[in-house]
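A short write-up of the structure that comes next.
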Amino acid sequence: MRHFRNRFALLCLLTLLWSAGHSIAQDDNAISIVGSRILSEVLVSLGEAADIESLNISAQGTARGIDVFCNGDIDIAVAARAISAAEDLICQSNQVVHSEFLFAHKIIAFAAHNAVPLACIASSELDSLLKPSSSNQASDWADYAPETDTLPIVILAPGRNTLEYAIADSHIVGDQLRNDVETYDAVGDAVARAGASEGALAILPYAPGLASDAPIKALEIKSADASNCVGPSAEHLESGLYPFGQSYFLYVNRSRMSDKELLERFLQVLISPEAADRIEAFGFTPVTPGTYDMNAEMLNDPDSTLAVGAGETAFEIPEGLSGAVNISGSASAYQLLERVSSRLSGDGAQLQVSINAVGQSAGVASLCASDADLAILDSPPHTVDMSACDESEVDTVSIAIGSHTTVLLGNEADGHTMCLTLEEIDAIWNASATEKIRAWHDIDASMPEQTMTLFGLTTVDRYADILLQGGQETAPPIRRDTEQDFDPLYRAAAVGNVAGSLTYMAWPDYQDVLDAQQANVRLVSVDAGSGCVAPSADTIVNGAYALSRPASLLASEMALTDINVQSLLWSLFSDDNWQFLAGQEFVGLERADLPSRRRQLETLFRQAEAKVAATEGSAEAAGGEEATEDSSE
């Protein structure tokens, strides 16, 4: 529930900001804009640059703005998120054909004094550093770098009613940040104070060359979805590698653009790279050059409708693919990749896709040795040992797919099953407990002397494996006296009718239980050592809920320049293959996410191609210099 509360707080802040904007002229012949008012001043400024003075901006918030936009008669919707599948259906039913343009970002950076002994900090460590806590609150940098002498931590943060604070808070456990943060009003003041305190960490709005004249540094972040440390930038935010930012989209009604020359002229200004300076002047970060190119392509192509279930970015899978793609690693996404690759290879292409389920460690080793293009991971990328890739100088990028998640359901009346530790879960369900654990009192003396009744699927299955993984290499089977039934609705009903009972199931199955309105059951929270965490879409995606197994692909940057690898990854997130993704029950991936996943892929492809080209260019230049020296000798 943490992210729900924090996102709710962010929405409340946005509502405050929407209502606090300046007056904007109302003109029936003007360009009509609805949605977030966060960017109102930017839009007005860019309107002036295009000699357009009449903008009717109605500040109604993202959700309400998209709803009004999809009911027609509006030119542009400004949104702080991508349009959802349900919202797109409203647009389609009203024949509102629209295009999506990624317009700008608000990114925050964590700038530390140069004396702080860290260049990179894991998002989990940042979470423990900033979360509100009544005990064990980090107070010294030696807690994060044991070899460091005592260096007290000083946190500088913007005011609570700022967008920067809300973005930071939305990614940190608990409501608001730790209560001993020192607030600042002006960025210059924060930079000066951080530069004067050796243990300072300042939460700042990101800008290129951030505080380059001060003795502070922007820390890189190693998030749960990234295998490497990455700094704040539009490139890293768009590719999903840097989490601390908010992106803003423009949705444009295509039919109204064809009728309004003024609207098309305004859009040309909005999505032009020349708009970057004005966007930065208002404290936002412009999109990447690659995104500017894609926006221009969509504007110039009247059939481009990049939205849910419609349209594409510039990338296209070419005909007649030939060659090979080698994949190695965990079995977590084996079946999915096998189906997707078989369809890709079955369209007359001479493409050979080899998938070897040899385990995560062996898969990463193959990738680092350049024997594989992709490695399948079944644990968060930041926990994977990448030393072999570092030694081989193989740069990698992780591409999230989703998580397989097991949830526990207990009887509503059983207070002792509201939260269970991983050790307790193992003691309850492990096959070795069949004869030893009969009642809840056998788990803990504080629990009642109540008979334990367990309902499950089979002795060995994917979700039982996650339930009992607990850090072990191979999970044991479920205890033999578990009453087995494949129907999650039956198992939920059984738990609701039997005190002292427990069952487990996949997260999507639990959604069916909710739809059935089963009485007398509730989800069980899990304590993995940092407190009780209830399963939710947010806690599963961010890794806070322990009974999840995230599936992702680790790709070498060199492989991302290969058209065969690009085509396979693109096909993985294509609309045509959604049935396979949905059938695998991954949490954290909805059909509405596919366009943004493809946009992220194209950004990764272009970044990899540019980096490899730059590296090869440097090597050629060095070779030319050597040849010149040789000839001169």
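The values are calculated or read from the model by the stated rules, or taken from the named source; none is laboratory data. Remember, predicted model here, so these are calculated numbers, not experimental data. Backbone-built Cβ (ideal geometry, glycine too); neighbour counts: all protein chains shown. Note: areas computed on protein heavy atoms with side chains; ligands, DNA, RNA excluded. Shrake-Rupley method; radii C 1.70, N 1.55, O 1.52, S 1.80 Å.
Only residues that are open to solvent by 30 Å² or more (accessible area, probe 1.4 Å) and either on the phi < 0 side of the Ramachandran plot or β-branched (V, I, T) (or both) were counted across segment 385-404, and they come to 8. Looking only at residues in segment 450-475 that are modelled with pLDDT under 90 and open to solvent by 70 Å² or more (accessible area, probe 1.4 Å), the one that is nearest to L408 (Cα to Cα) is R462. Would a scan of segment 491-506 turn up a residue that is of a type in the set (S, T, Y) and either in contact with a His (Cβ under 6 Å, 6 or more places away or on another chain) or under 30 Å from S361 (Cα atoms) (or both)? Checked against the condition, which is being of a type in the set (S, T, Y) and either in contact with a His (Cβ under 6 Å, 6 or more places away or on another chain) or under 30 Å from S361 (Cα atoms) (or both), segment 491-506 yields at least one hit.
Once segment 39-56 is narrowed to residues that are modelled with pLDDT of 90 or more and of a type in the set (A, V, I, L, M, F, W, C), the residue that is most open to solvent (accessible area, probe 1.4 Å) is V44. Each residue in segment 530-576 was checked for being among the hydroxyl-bearing types (S, T, Y) and either open to solvent by 40 Å² or more (accessible area, probe 1.4 Å) or assigned to a helix (DSSP H, G or I) (or both), and 5 pass. In segment 86-114, of all residues being in a helix (DSSP H, G or I) and open to solvent by 10 Å² or more (accessible area, probe 1.4 Å), the one that is nearest to V191 (Cα to Cα) corresponds to E87. Within segment 185-203, the set of residues being out of contact with any Pro (no Cβ under 7 Å at 6 or more places or on another chain) and open to solvent by less than 60 Å² (accessible area, probe 1.4 Å) comprises A186, G188, A190, V191, A194, S197, A200, L201, A202.
Taken together, the residues in segment 121-150 that are part of a helix (DSSP H, G or I) and either under 26 Å from the mean Cα position of the chain (by Cα) or crowded, with 19+ Cβ neighbours inside 10 Å (or both) amount to 9. Scanning segment 253-266 for residues that are touching an Asp or Glu at 6+ places or on another chain (Cβ under 8 Å) and either open to solvent by less than 10 Å² (accessible area, probe 1.4 Å) or not in a helix (DSSP H, G or I) (or both) turns up N253, K260, L263. Candidates in segment 151-179 are the residues that are open to solvent by 50 Å² or more (accessible area, probe 1.4 Å) and under 26 Å from T539 (Cβ atoms); of these, the one that is nearest to the chain's Cα centre (by Cα) is V173. Look at D426 and say whether it is in a helix (DSSP H, G or I), among the acidic types (D, E) and touching a residue at least 40 places away in the same chain (Cβ under 8 Å). The answer is yes for D426. If you go through segment 499-521 and pick out every residue that is open to solvent by 50 Å² or more (accessible area, probe 1.4 Å) and either out of contact with any helix residue (DSSP H, G or I) (no Cβ under 7 Å at 6 or more places or on another chain) or assigned to a loop (DSSP other than H, G, I, E, B) (or both), you end up with 9. Taking the criterion of being assigned to a strand (DSSP E or B) and either out of contact with any Asp or Glu (no Cβ under 7 Å at 6 or more places or on another chain) or open to solvent by less than 10 Å² (accessible area, probe 1.4 Å) (or both), the residues of segment 316-344 that qualify are S322, G323, A324, V325, I327, S328, G329.
For H382, the conditions (1) open to solvent by less than 40 Å² (accessible area, probe 1.4 Å); (2) part of a helix (DSSP H, G or I); (3) in contact with a Lys or Arg (Cβ under 9 Å, 6 or more places away or on another chain); (4) more than 22 Å from R480 (Cα to Cα) all hold with the exception of (1). Restricted to segment 234-247, and to residues there that are assigned to a helix (DSSP H, G or I) and of a type in the set (A, V, I, L, M, F, W, C), the residue that is farthest from A166 (Cα to Cα) is A234.
Among the residues making up segment 346-379, those that are open to solvent by less than 30 Å² (accessible area, probe 1.4 Å), within 21 Å of N577 (Cα to Cα) and either modelled with pLDDT under 90 or touching a Lys or Arg at 6+ places or on another chain (Cβ under 6 Å) (or both) are A349, L351. Cβ-Cβ distances below 6 Å connect the following pairs, each with a first residue in segment 595-607 that is open to solvent by 40 Å² or more (accessible area, probe 1.4 Å), a second residue that is among the small types (G, A, S) and assigned to a helix (DSSP H, G or I), and a separation of six or more residues or different chains: R606/G290. When V524 is tested against (1) surrounded by fewer than 16 Cβ atoms within 10 Å (Cβ to Cβ); (2) modelled with pLDDT of 95 or more; (3) not acidic (D, E), only condition (1) is not met.
With respect to (1) out of contact with any helix residue (DSSP H, G or I) (no Cβ under 6 Å at 6 or more places or on another chain); (2) modelled with pLDDT of 90 or more; (3) under 24 Å from E41 (Cα atoms), the lone exception for F110 is condition (3).
Would you say L250 is in contact with a strand residue (DSSP E or B) (Cβ under 6 Å, 6 or more places away or on another chain), over 26 Å from D378 (Cβ atoms) and part of a helix (DSSP H, G or I)? No. Residues in segment 267-295 that are open to solvent by less than 40 Å² (accessible area, probe 1.4 Å), part of a helix (DSSP H, G or I), touching a residue at least 24 places away in the same chain (Cβ under 8 Å) and of a type in the set (G, A, S): 2 in all.
Out of I66, I24, I74, I83, which single residue is modelled with pLDDT of 90 or more and outside any helix (DSSP H, G or I)? Can you show your working first?
On the way: I66 fails: outside any helix (DSSP H, G or I); I24 fails: modelled with pLDDT of 90 or more; I83 fails: modelled with pLDDT of 90 or more.
Going through I66, I24, I74, I83 in turn, the sole match is I74.
Of the set (1) in contact (Cβ under 8 Å) with a residue 40 or more places away in the chain; (2) farther than 19 Å from I401 by Cβ, all apply to S548 but (2). Going residue by residue through segment 431-447, is there one that turns out to be assigned to a helix (DSSP H, G or I), under 18 Å from A528 (Cβ atoms) and open to solvent by 20 Å² or more (accessible area, probe 1.4 Å)? No, the conditions are met nowhere in segment 431-447.
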